[in-house]
Amino acid sequence: MPEPSPTKPPLQDLKPLPQDVGVAAPVGTGAPERIGKPRSLWSDAWHDLRRNPTFIVSALLILFLIVVAVFPSLFTGTDPKFCVLAESNKGGVPGHPFGFDRQGCDIYSRVIYGARASVAVGILVTTGVVLIGGVIGALAAFYAGATDSVLSRVTDVFFAIPLLLGAIVFLQSFPFRNILTVSAAIMIFGWPIVARVMRGAVISVKEADFVTAARALGASDMRILRRHILPNAIAPVIVVATISLGLFIVLEATLSFLGIGLPSSTVSWGGDINDAQSSLRSAPHVLLYPSVALSITVLAFMLLGDAVRDALDPKLR
Amino acid sequence: MTQDTIDTTADNAWRRRDPGAAVLEVENLHVEFRTRDGVAKAVNGVTFDLQPGETLAILGESGSGKSVTAQAIMGILDTPPGYVTQGSVRFRGTDLLTLPEKERRRYRGEKIAMIFQDALSSLNPVYSVGFQIGEMFRVHRGASRADAKIKAIELMDRVHIPAARQRVNDFPHQFSGGMRQRIMIAIALSLDPDIIIADEPTTALDVTVQAQVMQLLADLQAESKMGLILITHDLGVVADVADKISVMYAGSLIEQAPSLDLYANPAHPYTERLLAAIPRVDLKGQELYTIKGIPPNLTDIPAGCAFHPRCPYAQPICSEKVPPLEDVSGDRRSACHFWKEVLDGSLQIR
Amino acid sequence: MGTYVLRRLLQMIPVFFGATFLIFYLVLGMPGDPLASMCGERGCDPATAVALRAQFHIGEPLYIQYYEYMRGIVTFDFGETFSRRPVLEVMRDAFPITIRLAIVAFVIEICIGIPLGLIAGLRRGKFFDSGILMGTLLIISIPIFVVGFLMQYYLGIKLGWFRPTVSGEAPWNELLLPGIVLGTVSLAYIMRLTRTSVVENIHADYVRTAVAKGLPHRRVVTVHLLRNSMIPVVTYLGADIGALMGGAIVTERIFNIHGVGGTLYQAITRGEAPTVVSFVIILVIVYLIFNLLVDLLYAVLDPRIRYA
């Protein structure tokens, strides 16, 4: 500390202060007040989301899609597998608004029934991926040390195989092709990204002061993980999950397109697009409708993911 | 005539006209931030001047408007949402606020330089310190890479960074906090500016390092006769270094005085409270004193004197009329209706 | 830097073994007769069955199978296709074509994606930015095969600007349209990533310092902002190559390109599991090497990694 300069008065010479330590400042205008209850990240996010038109539109669209997937008969009376070859590639007529595909099946009906495959795979895969990846990532980050090394290497191994390639290998080796196996194929190679995001999030939350405080107060590991770390780390995981959902749906369609996904006995958009390639020049509408349906579905999930991310990201507030 | 000769001519004309003239004159500066939650009046009618070679400290709590004032002077305010709505900032007679951006830029770095609080985030992590110092010469003086590097080493020596020649290619994260702040000072110093604005330069540093950095600034200033505007909330840092102190509260300048006078005999209740809040060794065992309440929300500044809700001496007039900044003596001013009573200690607590 | 490279190389080794083992397990190790899944529903003809048994040492203990499998990999012996051509040879013929395709896609992604993303980030909230956000979202949502078909139909067949299919030797100009298709989704991601990065960094303290230093706006953006904003984009490029590999399968199928993807697709449809597996293994190795290179590039860009 530098020596006090001789020209400046030592602090003791300051005027003694009137004894008013106990006086409270009168509450006047301008003193900041709390407007309502303090809001948590979640209620803030929900508050923002409710006002976000993108969120509302995409959420409604997704709800609609789920209804279509679960109750297709509400939307069409035609059997999607009832095909009359004579109607092959014909355009739209009353009662069959989208026309017929190469086999003479009603496209509108196939589009409606095809929603089930895509939505089911999307939801199944995302749930599985969040569970597997979330648990692995959280454990790796929380326990660190050897656990982290091992789990991270495992994550790297699965990450090293690109999603589509891995799914192809898996499905090649599996004689049964149905929604469950296709979902499993995508799940097995899709979880590493969630694990990484979760691991990163938990690591950054783990260092936070409030966690140190909880530990100092004697909280057990499980309690800290459950009540302090996970609620804060889950936000980026939700964002990546909602965005990945759309990608998983595209992946399933791609697998069906390559002929290695859902069998032709299951009505799927990817399969229909695959079949449409041969009639591309003469009857583009056969390609158009399932493509539009697929794209709208994926777009809805992407928009939802974007809206959720904007609401949860503290940096963008 | 080149721009340089125009500058020198203007400079000389200014000096000839009024040899004691201030190098910087801020008059009635108003800055507001237009946000979703309302208009925050960050700076409300701030007026001060800076003489060549003088050290002015701008003192205030967080949110008092001191950093915003500095940014407005430099012209680096975030616009939107910040807008300068009134006032002038005259550098040697030229009002910087009226200049087009291209002109304004010529002052930044060259005539007025700024250093910031957190040197780690204020320096670009992907370029070497030599690059970042040398950049000043390459951009403003057209120097070559080699020349710029030589100058960078010189500057690093000047701010007492050991082994400058070896460390010139190192990156910011490889230096300690105090060293990084010196690098920021080196950058600010590089073109021999007339004024350096230091925005909380030592807040992020340890106390001993703080002292070293402040001493460095003082030495550099004595060498080059440049003006220094020191922005801080720390009364301790200011005591040794400042010639005069301006105290800000809720965007307004509420007291200005030579530092000796301010510490010895404050003329505003807020300053008085701030000084009283410094923990005193000779009053051990007593409760630490704080100022009751918290600073106002800048979108809703109290009517009259902004400090009145927290002032123990507040009278009815304080909530009705904004106290003007009055001259207390030749070089002292205070914005309080009752500054006389504060000075002679005759104020009653309500 | 040297230690960083060494560390990354060492990390790659267990991952390499792990990934190859994983594929091995999926193909040969799972319960059931591997031959049944390899030959598909139709089952194997006797000659092929014999060849496969020999190649994969089926029937012998699992650890011998794995040993032979790994031995094949490290000696670059990937067996033969059903038509008796060595897989390595097929790969060698197909690889250069796909590399050309990938380069076209890469160049398009980077030269269009980064500048547009930069501009969008600088004009955040304005019309251009909203347009980019919406447009990229749309692109990502439409599956690559739909984009491929549409482009093939409209630009190739209807307007005749490009050849709808690519000839055998696949010269650069014919690969332009497929390259655009292949790079489309990645282009959208790079645009968004750059934009987000720019938006984040534009309020960074060092940008404020650069402005306070009196640097011209152009220099602040291109020298200070851009370099830091590029870092997440470079990390993305590593994952991108994996996506490009998958996308190549689709693109080459649509445009009838005889590259790695096209050959792989044919192997899939013919049910030639061993070929499929061998191709995938090679691609995984390429992916690992590429990721290593990307990590090195990342270290070059960010000195904090280099001198950790």
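The values are calculated or read from the model by the stated rules, or taken from the named source; none is laboratory data. From a predicted model like this one, the values you see are computed outputs, not experimental measurements. Backbone-built Cβ (ideal geometry, glycine too); neighbour counts: all protein chains shown.
Would you confirm whether or not segment C:227-243 contains a residue that is facing chain A (nearest Cβ under 9 Å) and within 30 Å of residue C:44 (Cβ to Cβ)?
no
Exactly one of (1) in a helix (DSSP H, G or I); (2) surrounded by 17 or more Cβ atoms within 10 Å (Cβ to Cβ); (3) out of contact with any helix residue (DSSP H, G or I) (no Cβ under 9 Å at 6 or more places or on another chain) is unmet by residue B:45. Its number?
(1)
Report whether or not residue C:88 is touching a residue at least 40 places away in the same chain (Cβ under 8 Å) and on the phi < 0 side of the Ramachandran plot.
Here the answer is no, as residue C:88 does not meet what is asked.
Considering only residues that are surrounded by fewer than 15 Cβ atoms within 10 Å (Cβ to Cβ) and of a type outside the set (Gly, Ala, Ser), look in segment B:16-33 and name the one that is modelled with the highest pLDDT.
Filtering first and then ranking leaves B:28.
Restricting to segment A:147-203, what's the tally of residues that are closer than 21 Å to residue C:284 by Cα and charged (D, E, K, R)?
Number of matching residues: 3.
Looking only at segment B:95-117, decide whether some residue is more than 25 Å from the chain's Cα centre (by Cα) and either under 25 Å from residue B:225 (Cβ atoms) or surrounded by fewer than 19 Cβ atoms within 10 Å (Cβ to Cβ) (or both).
no
Considering only residues that are modelled with pLDDT of 80 or more and touching a Lys or Arg at 6+ places or on another chain (Cβ under 9 Å), look in segment C:4-46 and name the one that is farthest from residue C:62 (Cα to Cα).
Ranking the qualifying residues of segment C:4-46, first place goes to C:4.
Can you find even one residue in segment C:129-148 that is away from chain A (no Cβ under 14 Å) and aromatic (Phe, Trp, Tyr)?
No: zero hits.
Would you mind telling me which numbered condition in (1) at pLDDT below 75; (2) within 14 Å of residue A:173 (Cβ to Cβ) residue C:51 fails?
Of (1) at pLDDT below 75; (2) within 14 Å of residue A:173 (Cβ to Cβ), only one is false for residue C:51: (2).
Which fully enclosed helices (runs of 4 or more DSSP H) of segment B:108-174 have 3 or more residues being without any contact (Cβ under 8 Å) to a residue 40 or more places away in the chain and at negative phi?
Here the list reads B:129-140, B:145-158, B:164-167.
Return the residue satisfying two criteria in turn: it lies in segment C:244-285 and is of a type in the set (D, E, K, R) and crowded, with 22+ Cβ neighbours inside 10 Å, and of such residues it is nearest to the other protein chains (Cβ to nearest Cβ).
C:253
(1) within 14 Å of chain C (Cβ to nearest Cβ); (2) surrounded by fewer than 19 Cβ atoms within 10 Å (Cβ to Cβ): which one isn't true of residue B:154, the others all being true?
If we test residue B:154 against (1) within 14 Å of chain C (Cβ to nearest Cβ); (2) surrounded by fewer than 19 Cβ atoms within 10 Å (Cβ to Cβ), just (1) comes out false.
Taking the stated definitions as given, is residue A:170 touching a Ser or Thr at 6+ places or on another chain (Cβ under 7 Å) and within 12 Å of chain C (Cβ to nearest Cβ)?
no
Counting just the residues of segment B:175-192 that are touching a residue at least 40 places away in the same chain (Cβ under 8 Å) and in a loop (DSSP other than H, G, I, E, B), which one comes out farthest from residue B:120 (Cα to Cα)?
This residue is B:191.
Look through segment A:270-297, keep the residues that are in contact (Cβ under 8 Å) with a residue 60 or more places away in the chain and of a type in the set (S, T, N, Q), and return whichever of them is surrounded by the fewest Cβ atoms within 10 Å (Cβ to Cβ).
Within segment A:270-297, the match that is surrounded by the fewest Cβ atoms within 10 Å (Cβ to Cβ) is A:282.
Can you pull out the helices (runs of 4 or more DSSP H) entirely within segment C:155-265 that have at least 2 residues that are basic (Lys, Arg)?
Answer list for segment C:155-265: C:176-201, C:226-255.
Out of curiosity, is residue B:89 surrounded by 15 or more Cβ atoms within 10 Å (Cβ to Cβ), within 23 Å of residue C:303 (Cα to Cα) and of a type in the set (Val, Ile, Thr)?
Here the answer is no, as residue B:89 does not meet what is asked.
Conditions tested, residue by residue: (1) more than 14 Å from every other protein chain (Cβ to nearest Cβ); (2) in contact (Cβ under 8 Å) with a residue 60 or more places away in the chain; (3) more than 24 Å from the chain's Cα centre (by Cα); (4) not in a helix (DSSP H, G or I).
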residue	(1), (2), (3), (4)
C:49	yes, no, yes, no
C:54	yes, no, yes, no
C:64	yes, no, yes, no
C:71	yes, no, yes, no
C:76	yes, no, no, yes
C:84	yes, no, yes, yes
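Checking residue A:74 against (1) closer than 28 Å to residue A:188 by Cβ; (2) out of contact with any Ser or Thr (no Cβ under 6 Å at 6 or more places or on another chain), which test does it fail?
Going through (1) closer than 28 Å to residue A:188 by Cβ; (2) out of contact with any Ser or Thr (no Cβ under 6 Å at 6 or more places or on another chain) one by one, residue A:74 breaks only (1).
For segment B:63-86, which residues satisfy the criterion of being away from chain C (no Cβ under 14 Å), at pLDDT 90 or above and surrounded by fewer than 22 Cβ atoms within 10 Å (Cβ to Cβ)?
Listed by number, the residues that qualify are B:83, B:84, B:85, B:86.
From the list C:283, C:293, which residue is at pLDDT 85 or above, assigned to a helix (DSSP H, G or I), in contact with a Leu (Cβ under 8 Å, 6 or more places away or on another chain) and of a type in the set (A, V, I, L, M, F, W, C)?
Exactly one residue qualifies, and that residue is C:283.
Kindly provide the set of residues from segment B:279-318 that are under 17 Å from residue B:250 (Cβ atoms), of a type in the set (A, V, I, L, M, F, W, C), more than 9 Å from chain A (Cβ to nearest Cβ) and not in a helix (DSSP H, G or I), ordered by number.
B:298, B:305, B:307
Yes/no per residue for (1) at pLDDT below 90; (2) more than 17 Å from residue C:245 (Cβ to Cβ); (3) of a type outside the set (Asp, Glu); (4) buried (at least 19 other Cβ atoms within 10 Å of the Cβ):
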{"site": "A:151", "(1), (2), (3), (4)": "no, yes, yes, yes"}
{"site": "A:154", "(1), (2), (3), (4)": "no, yes, yes, no"}
{"site": "A:158", "(1), (2), (3), (4)": "no, no, yes, yes"}
{"site": "A:164", "(1), (2), (3), (4)": "no, no, yes, yes"}
{"site": "A:168", "(1), (2), (3), (4)": "yes, no, yes, yes"}
{"site": "A:171", "(1), (2), (3), (4)": "yes, no, yes, yes"}
{"site": "A:177", "(1), (2), (3), (4)": "yes, yes, yes, yes"}
{"site": "A:180", "(1), (2), (3), (4)": "no, yes, yes, no"}
{"site": "A:188", "(1), (2), (3), (4)": "no, yes, yes, yes"}
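Identify all residues within segment B:263-272 that are surrounded by 23 or more Cβ atoms within 10 Å (Cβ to Cβ) and either aliphatic (A, V, I, L, M) or part of a strand (DSSP E or B) (or both); write none if there are none.
Within segment B:263-272, B:267 is the sole residue that qualifies.
When segment A:149-164 is examined, which residues are found to be in a helix (DSSP H, G or I) and without any contact (Cβ under 8 Å) to a residue 12 or more places away in the chain?
Result: A:149, A:150, A:153, A:157.
Of everything in segment A:241-269, what is surrounded by fewer than 24 Cβ atoms within 10 Å (Cβ to Cβ) and touching a Pro at 6+ places or on another chain (Cβ under 8 Å)? Give them in sequence order.
If the condition is that a residue be surrounded by fewer than 24 Cβ atoms within 10 Å (Cβ to Cβ) and touching a Pro at 6+ places or on another chain (Cβ under 8 Å), then A:267 is the only one that fits.
Across segment A:281-308, what is the number of residues that are assigned to a helix (DSSP H, G or I) and either modelled with pLDDT under 80 or more than 10 Å from chain C (Cβ to nearest Cβ) (or both)?
Final tally of qualifying residues: 7.
Test residue B:260 against the criterion of being facing chain A (nearest Cβ under 10 Å), in a helix (DSSP H, G or I), of a type outside the set (Gly, Ala, Ser) and surrounded by fewer than 19 Cβ atoms within 10 Å (Cβ to Cβ), and give yes or no.
Spelling it out, residue B:260 is indeed facing chain A (nearest Cβ under 10 Å), in a helix (DSSP H, G or I), of a type outside the set (Gly, Ala, Ser) and surrounded by fewer than 19 Cβ atoms within 10 Å (Cβ to Cβ).
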